[in-house]
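First the structure, in the form of structure tokens, and then the observations on it.
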Amino acid sequence: MPIWLDLDRFRRVLVLAPHPDDETLGPGGLIALACRGGASVRVLLLSEGEREQLDLPPQVLAAQRRGELADALAALGPVELATLPGHDRGLTAQRRSMVPLIAGALRAFAPDLVLAPAPGDWHDDHRATCWILRHALGPARLPRRPLCLGYEVWRPLPATHALDITAVLDLKRQALAAYAARFRRRRLDQAILALNLYRGESLGAPPGHSAEAFEELFP
């Protein structure tokens, strides 16, 4: 069975999001609970998701997605947003140039908990983000290595850690609603909420509770 996270241990939480919506789909409940507990939470956005729809110019879609992200973070809590100049569907090609940027972000924020997409996710940008984090930890030269956890979006992961998010499930729903236009074509919002309920039931949470599952990275 996984380790159930005690968020009181973590006062500085950094979430790496390849695209707007990943921060909510994967660790949205964790973000809300960390904010509620008084932790400093920063979301680091690697790309603006500007190439998700081919029927809109990238700059138009990027502006829309920035607005959706702002609304989602406002629903989850007082979250700080930082951005990097990555390209949607291009993070694999950019990954080496992104390492020093992520290392600098780690050094500046000094997190004790870092979240990134799990390495087994099927999306190339998600796997690239995990790779970048792995290679940025050394150059960051942090005084203390943070706990690094992978979150699930496009593929369930082998859970080593879990978090009961029932107390903030409505906040996660509100944040997902900010991306309603995105989810009309593919109901990933409903899928992730169903996965959260399954995680709660299968990992030992009280009946009817929802949980987010995580995989320890680079143990």
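The values are calculated or read from the model by the stated rules, or taken from the named source; none is laboratory data. These numbers were taken from a predicted model, which means no experiment stands behind them. Here the Cβ is made from the backbone with ideal geometry for all residues, glycine too, and neighbour counts use every protein chain on show.
Is it true that some residue in the range 102-111 is part of a strand (DSSP E or B) and either at pLDDT 95 or above or in contact with a helix residue (DSSP H, G or I) (Cβ under 7 Å, 6 or more places away or on another chain) (or both)? Walk me through how you get there before you give the answer.
First, pick out the residues of the range 102-111 that are part of a strand (DSSP E or B): none.
Within the range 102-111, not a single residue is part of a strand (DSSP E or B) and either at pLDDT 95 or above or in contact with a helix residue (DSSP H, G or I) (Cβ under 7 Å, 6 or more places away or on another chain) (or both).
Among the numbered criteria (1) under 16 Å from residue 212 (Cβ atoms); (2) in a loop (DSSP other than H, G, I, E, B); (3) among the aliphatic types (A, V, I, L, M); (4) over 16 Å from the mean Cα position of the chain (by Cα), which single criterion is violated by residue 142?
(1)
Exactly one condition in (1) outside any helix (DSSP H, G or I); (2) surrounded by 22 or more Cβ atoms within 10 Å (Cβ to Cβ); (3) touching a Gly at 6+ places or on another chain (Cβ under 9 Å); (4) not basic (Lys, Arg) is not met by residue 158; state its number.
Residue 158 satisfies all of (1) outside any helix (DSSP H, G or I); (2) surrounded by 22 or more Cβ atoms within 10 Å (Cβ to Cβ); (3) touching a Gly at 6+ places or on another chain (Cβ under 9 Å); (4) not basic (Lys, Arg) except (2).
Out of the residues in the range 1-44 meeting the condition of being of a type in the set (D, E, K, R), outside any loop (DSSP other than H, G, I, E, B) and out of contact with any Pro (no Cβ under 7 Å at 6 or more places or on another chain), tell me which one is nearest to residue 77 (Cα to Cα). Give the derivation first.
Of the residues in the range 1-44, the ones of a type in the set (D, E, K, R) are 6, 8-9, 11-12, 21-23, 36, 42.
Still in the running and outside any loop (DSSP other than H, G, I, E, B): 8-9, 12, 22-23, 36, 42.
Now restrict to residues that are out of contact with any Pro (no Cβ under 7 Å at 6 or more places or on another chain): 8-9, 23, 36, 42.
Working: 8: 16, 9: 19, 23: 13, 36: 7, 42: 11 Å.
Only one residue tops the list, namely 36.
Among the listed residues 153, 168, which satisfies the condition of being assigned to a loop (DSSP other than H, G, I, E, B), hydrophobic (A, V, I, L, M, F, W, C) and buried (at least 22 other Cβ atoms within 10 Å of the Cβ)?
Details: 168 fails: assigned to a loop (DSSP other than H, G, I, E, B).
Going through 153, 168 in turn, the sole match is 153.
Test each condition in (1) out of contact with any helix residue (DSSP H, G or I) (no Cβ under 7 Å at 6 or more places or on another chain); (2) touching a residue at least 24 places away in the same chain (Cβ under 8 Å) for residue 150 and report the one that comes out false.
So residue 150 meets the others, but not (1).
Step by step: first the residues of the range 184-205, then only those that are without any contact (Cβ under 8 Å) to a residue 12 or more places away in the chain and not small (Gly, Ala, Ser), then the one that is nearest to residue 157 (Cα to Cα). Which residue is that? Walk me through how you get there before you give the answer.
Of the range 184-205, the ones without any contact (Cβ under 8 Å) to a residue 12 or more places away in the chain are 184-187, 190-191, 194, 198, 201-202.
Narrowing further to those that are not small (Gly, Ala, Ser): 184-187, 190, 198, 201.
Values: 184: 25, 185: 24, 186: 21, 187: 20, 190: 18, 198: 13, 201: 16 Å.
Here the answer is 198.
Do we find that residue 155 is without any contact (Cβ under 8 Å) to a residue 12 or more places away in the chain and basic (Lys, Arg) in this structure?
On the way: without any contact (Cβ under 8 Å) to a residue 12 or more places away in the chain: no; basic (Lys, Arg): yes.
So residue 155 does not fit the description; no.
Looking for something under 18 Å from residue 44 (Cβ atoms) and in a loop (DSSP other than H, G, I, E, B) - is there at least one such residue anywhere in the range 125-137? Outline the logic, then answer.
Here is the first cut: in the range 125-137, the ones under 18 Å from residue 44 (Cβ atoms) are 125-137.
Next, from what is left, pick out any that are in a loop (DSSP other than H, G, I, E, B): none.
No: zero hits.
Considering only the range 82-111, state which residues are surrounded by 17 or more Cβ atoms within 10 Å (Cβ to Cβ) and touching a strand residue (DSSP E or B) at 6+ places or on another chain (Cβ under 8 Å).
84, 102, 105, 106, 109, 111
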